[in-house]
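Presented below is the structure to which this report refers.
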Amino acid sequence: VINSGENSCLLSTQCFHIEELEKHRFATIQGCKNSYVSKENRIGTGIAIVVSTDTSKPLFGIRIHEGIINDDDLTPISEYQIRNHGVIVDSVSKHHKIDHEGNTER
């Protein structure tokens with residue numbers, strides 16, 4: 001899951017192989033509702049293979065350093081952090097209009 005509102009990545013133990021854990025670093029996660037708070041989450045490095053339902057597209061690996069490790073089945077990945085490392089992220093829905101020059105609605 002790509003999330004433009006995230007400022008850090010979450011690593012699901014169900015999706016990522018956790019390579020390394022920080023021994024003395026923890027994070028508190030607070031959701032958009034103040035009622036959701038998860039404390040003392042470990043920080044670490046995880047790696048996963050990303051697959052597509054379209055079998056003609058290649059598989060690729062992703063490694064996230066200093067992600068917050070959780071046991072949820074979702075792994076929100078921060079668009080900000082991805083872009084900050086030079087990767088172009090086109091998160092515009094395919095349902096948005098495309099103009100005559102091929103530009104998507106932003």
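The values are calculated or read from the model by the stated rules, or taken from the named source; none is laboratory data. Every value quoted in this text rests on a predicted model; they were computed, and no experiment measured them. Cβ: placed from backbone, ideal geometry, glycine included. Neighbour counts: every protein chain shown. Note: accessible area is taken over every heavy atom of the protein model, side chains too, but ligands, DNA and RNA are not part of it. Shrake-Rupley method; radii C 1.70, N 1.55, O 1.52, S 1.80 Å.
Results, tabulated for the structure shown:
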{"item": "Paired Rg and Dmax values of the stretch 10-80, which use every Cα atom, in angstrom", "result": "13.6, 43"}
{"item": "Two-site label geometry, Glu20 and Thr53: point separation in nm, points 7 Å out along Cα→Cβ", "result": "3.6"}
{"item": "Candidate residues Leu10, Leu74, Leu59: accessible-area rank, largest first, probe 1.4 Å", "result": "Leu59, Leu74, Leu10"}
